[in-house]
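> Handing you a structure now.
The values are calculated or read from the model by the stated rules, or taken from the named source; none is laboratory data. All values reported here derive from a predicted model rather than from experimental measurement. Positions of Cβ are backbone-derived with ideal geometry, glycine not excepted, and every protein chain shown enters the neighbour counts. Side chains included, ligands, DNA and RNA excluded: accessible areas come from the protein's heavy atoms. Shrake-Rupley method; radii C 1.70, N 1.55, O 1.52, S 1.80 Å.
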Amino acid sequence: MEESIFTKIIKGEIPCYKIAENDKFFAFLDISPIAKGHTLVITKMQNDYIFDLPDDMLGEMMIFAKKIAAGIKKAIPCNRVGVAVIGIDVPHNHIHLVPINGVGDLNFKGERVKLSEEEFKEIAAAISAAVEL
């Protein structure tokens, strides 16, 4: 299997706005966000389809995502952190965590938020500081 863009991000070959990581999972800002603070949680092990993960790893991934979501909620004003698993664009399982105020905010076909590099850095730092792993 060819390395995904996410595997290259984990290896540091492609830069990202990292939020947090542990030995199995990695969280970073989506560079084409649908909302300020839109974060991706991925496994460090490249695997295309999230529901092909072993049960224990899927559970651990959700627990890791829960901690990241708590950090997002502290750092970004929102009612909830929405969760989406689409799994089409990148052949590497990932969970979208998106700050939302209503159900319509999880619109992946809508216009994307444009942020400067400085804004991405500030958002990543704020969420990272609020995450408790």
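> List pairs: first residue in region 104-132 and open to solvent by 40 Å² or more (accessible area, probe 1.4 Å), second residue in a helix (DSSP H, G or I) and of a type outside the set (D, E, K, R) anywhere in the structure, Cβ distance under 6 angstrom, at least six positions apart or on different chains.
126/75
> For residue 72, only one of the following conditions fails: (1) out of contact with any helix residue (DSSP H, G or I) (no Cβ under 8 Å at 6 or more places or on another chain); (2) of a type outside the set (Gly, Ala, Ser); (3) closer than 20 Å to residue 9 by Cβ. What is its number?
All conditions pass for residue 72, except number (1).
> Next up: Scanning region 44-86 for residues that are touching a residue at least 24 places away in the same chain (Cβ under 8 Å) and assigned to a strand (DSSP E or B), which turns out surrounded by the fewest Cβ atoms within 10 Å (Cβ to Cβ)?
Ranking the candidates gives 84 first.
> Filter region 87-100 down to residues that are of a type in the set (Val, Ile, Thr) and in a loop (DSSP other than H, G, I, E, B) and give me whichever is farthest from residue 2 (Cα to Cα).
88
> Here's something else I'd like to know. Within region 19-43, count every residue that is open to solvent by 10 Å² or more (accessible area, probe 1.4 Å) and of a type outside the set (A, V, I, L, M, F, W, C).
Qualifying residue count for the region: 7.
> Let me ask something else. Could you list, in sequence order, all residues of region 9-43 that are touching a residue at least 40 places away in the same chain (Cβ under 8 Å), in a strand (DSSP E or B), over 17 Å from residue 90 (Cα atoms) and of a type outside the set (A, V, I, L, M, F, W, C)?
18
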